[in-house]
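Please treat every number below as a calculation from the coordinates, not as lab data. From a predicted model like this one, the values you see are computed outputs, not experimental measurements. In this analysis, Cβ positions are derived from the backbone assuming ideal geometry, glycine residues included, and neighbour counts consider all displayed protein chains.
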Amino acid sequence: MKIGTIETERLILRKLTPSDAEAMFALDSNPNVHQYLGNKPVASLEESVQQIENIQIQYIQNGIGRFAVILKETNEFIGWAGLKFITEPINGYLNFYDIGYRFIEDHWGKGYGYEAAKAWLDYGFNQLNIQKICASADIENKGSIKILKKIGLQEISEFDDQGIPSVWLELTKIDYLK
């Protein structure tokens, strides 16, 4: 599975590279970005470098991973989005495709999360022939849950994710095609 660049009306979705480290650090060092992610913002540029290296390993091992989200208008890195093959158990699920996204705070509320997530959902079902795409979110993260539902995922259950009350959402390819 080899994935190139994906384009939407306003965004370019491309593989993360080492040159994205400073922008990733700006994203992940912001406590507001990590409010619903266990409140563990990164503390050093090296952590962001390591995160990018880990994602690049996922590209090789699983053929998929989170991609940089670039704003076409300015060529600016504004966050990441994509599918990730999860091999650790979450909510009793194992070996599944998770859809996720994270954006620099200045770019919240502009529809980029929906645009990127919808592009990945379509790509996952239509190009990669994935049969089910899942997601989880902190139950208090109303913005993220709204995006996930807007792209078609259905809330399946609530669960405890390492002490964080969370919701589990998913969509099958069969339901996507209806």
Run down Tyr101, Tyr112 and say which single residue is touching a residue at least 40 places away in the same chain (Cβ under 8 Å), farther than 15 Å from Glu22 by Cα and within 11 Å of the chain's Cα centre (by Cα).
Tyr101
Here is a list of conditions, (1) within 22 Å of Gln35 (Cβ to Cβ); (2) of a type in the set (A, V, I, L, M, F, W, C); (3) surrounded by fewer than 20 Cβ atoms within 10 Å (Cβ to Cβ), and Leu177 meets all of them except one; can you say which number that is?
(1)
In the stretch 91-134, which residues are closer than 24 Å to Gln35 by Cα and touching a Ser or Thr at 6+ places or on another chain (Cβ under 6 Å)?
Glu115
For the stretch 111-178, list the helices (runs of 4 or more DSSP H) that sit wholly inside it and hold at least 3 residues that are within 25 Å of Lys15 (Cα to Cα) and of a type outside the set (Phe, Trp, Tyr); which are they?
112-126, 142-150
Is it true that some residue in the stretch 37-51 is under 13 Å from the mean Cα position of the chain (by Cα), assigned to a loop (DSSP other than H, G, I, E, B) and not basic (Lys, Arg)?
yes
Can you list residue pairs whose Cβ atoms sit under 6 Å apart, with the first residue in the stretch 134-154 being touching a residue at least 60 places away in the same chain (Cβ under 8 Å) and the second being part of a helix (DSSP H, G or I)? Count only pairs 6 or more apart in sequence or on different chains.
Ala137/Ser144; Ala137/Ile145
Scanning the stretch 1-51 residue by residue, those among the hydrophobic types (A, V, I, L, M, F, W, C) and in contact with a His (Cβ under 9 Å, 6 or more places away or on another chain) turn out to be Val42
If the requirement is being surrounded by 15 or more Cβ atoms within 10 Å (Cβ to Cβ) and of a type in the set (A, V, I, L, M, F, W, C), which of these qualifies: Ala135, Ala43?
Ala135
Scope the stretch 138-153; condition among the hydrophobic types (A, V, I, L, M, F, W, C) and either surrounded by fewer than 17 Cβ atoms within 10 Å (Cβ to Cβ) or out of contact with any Gly (no Cβ under 7 Å at 6 or more places or on another chain) (or both); matching residues:
Ile139, Ile145, Leu148, Ile151, Leu153
With criteria (1) closer than 28 Å to Phe125 by Cβ; (2) surrounded by 12 or more Cβ atoms within 10 Å (Cβ to Cβ), Glu9 comes up short on (2)
What about Ala68, is it in contact with a Leu (Cβ under 9 Å, 6 or more places away or on another chain), in contact (Cβ under 8 Å) with a residue 40 or more places away in the chain and over 27 Å from Asp160 (Cα atoms)?
yes
Could you tell me which of the residues Lys110, Lys173, Lys132 is among the basic types (Lys, Arg) and in contact with an Asp or Glu (Cβ under 7 Å, 6 or more places away or on another chain)?
Lys132
